[in-house]
Amino acid sequence: MMVVLLGVFKHALMITVFVFVMMLLVDFIDMASKGRMSGIIKGGPWRQYTLASFLGATPGCLGAFMNVSLYVHGMISFGAIVGGMIATSGDEAFVMLSQFPGTALALFGLLFVFGIVFAWISDRIIPILGITPCEACIDAYCEECLPGIDNQETIRDIFRPANFVENFQSLSFTRFLLLILSVSFMILVILGTLGPSTWDWKRITFISLSICTFCIIMVCSEHYLESHIWDHIIKKHLFRVFLWTFGALLFVHWGLALWNLDRFIHDHMLWVLLIGALMGIIPESGPHLIFVMMYAQGLIPFSVLFTTSFVQDGHGMLPLLSYSLKDSVLIKVFNLAFGLAVGSILYAIGY
C-alpha cells in the first residue's frame, strides 16, 4: 500500500513541478508580448478568430485571461471568445505535454483549428438566435482583476542580470525557499530519485527546465517573485494541480486494481464521452485530469480526450463570470454543443 502511494506521490510531484516550470515560462512570455499582442489582435474578424484561438491554445490560463480582457474591452467578438475557449485546455495542457507530448501537440493543433472554425460559426448563429452579447460588462472591466503585467514595471526592470547580485545580498525568505526547492528537485532528478531512472531526453529536459527556473527566480524582482510566482502560480494553481493529479492517478490505479475500470469504460464508452463533456462545463482546472490520466493509461480513445478538452477551459472562464453570467453560460452551451458534435463524429469513425 505504502509503495503504491509513494509511487503515485512521486509521479504527481514530477507532473506538478513540470506544470510549475511551464507556467512560469509561459507567464514570462505572456508578459514580454502582452502589449504588442493586444494591438495586433484588434483587427478584422478572421484576425480576431485566429489570434484568440492562438492565445487559447497556449498552455495554461493566461491566454484565456487575455481573451477575456480583450472581449470585455470590445476588441474581439462573441464568436472569437467562443473560439478562444474551445482552444483552451487550461493547466491540464502542461500535464498532457508531460505525459504524451506528441499527441498533446496534435490535440492543441486541432483545437486551434476548430476554435477558428467555430468562432466564425458562432458569430453567424447568434444573430439568427437573437442573442445579444453583454455590452455593460465593458464598463465593469478592472485591470487588477486579471493576472498580468504591472504597468509600472517593465520587462527590462524585472529581468535584469544585475539583479542577481542585489537579490543575493538581500535574500528574502520566499526567494530562498524557492531556490532551495528548485535545486533540490534538480539534484533528485540527476540522481534518478525522481523522474526517469536512466539518462534520456526527459531527464535532460527536466534538468534544463530546473536551471531556467533557478535563473528566473534568482534575477527577477521582488514584486514579480511575490505577485506573479508566489501569489498567482503557486498559491492559486500549484497546490490544486498537485491534489487533482494525485487524486486522478490514485483513482486510475485503484480503478484498474479493484473495480475493473477498464471493462466498465470499454462497455460504456459513450457514457464516458458524455460525462467528459459535461465535466468540461466546470470552470476549474483539475477534474479534466481524470480523463488525461485515463488516456495516458490507454483506457479511453482520443475522441473522449478531445471532447472533454474541447469543452473545458480550465480557469479561463472565471474572470468572465464576474462581468456577465449570461455570456459565460452561452459560451459554455456553444462549446458543449460543438464539442459533443465533433467528439461523437471522431468516436463514430474510430478515433
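Note on L191 and R240: the model spin-label points, each 7 Å out from Cα along the C-beta direction, lie 3.4 nm apart. Taking one quarter of the surface of the convex hull spanned by the alpha-carbon atoms of the stretch 166-247 gives a direction-averaged projected area of 6.0 nm².
Taking other Cβ atoms within 10 Å as a rough exposure proxy, E226, E92, E166 sort from fewest to most as E166, E226, E92. Here the stretch 210-243 and the stretch 336-350 have alpha carbon centers that stand 38 Å from each other. Annotation for L171 and M2: the two label points, set 7 Å from Cα along the Cα-Cβ direction, are 3.4 nm apart. Counting 0.36 nm for each residue step from W46 to I204 and taking away their Cα separation leaves a gain of 52.9 nm. FRET efficiency for the Y351 to S184 pair, using the beta carbon distance and R₀ = 45 Å, is estimated at 0.60.
Listed from fewest to most Cβ neighbours within 10 Å, the set T174, T307 follows the order T174, T307.
What ranking do M279, M22, M96 get, fewest neighbouring Cβ atoms within 10 angstrom at the top?
Details: M279 16, M22 19, M96 23.
Going from sparsest to densest Cβ surroundings: M279, M22, M96.
Each value in this text was obtained by applying a stated rule to the coordinates, not by laboratory testing. Please read these numbers as outputs of a predicted model, since none were measured by experiment. FYI the Cβ positions are ideal-geometry reconstructions off the backbone, even for glycines, and counts take in every protein chain you see.
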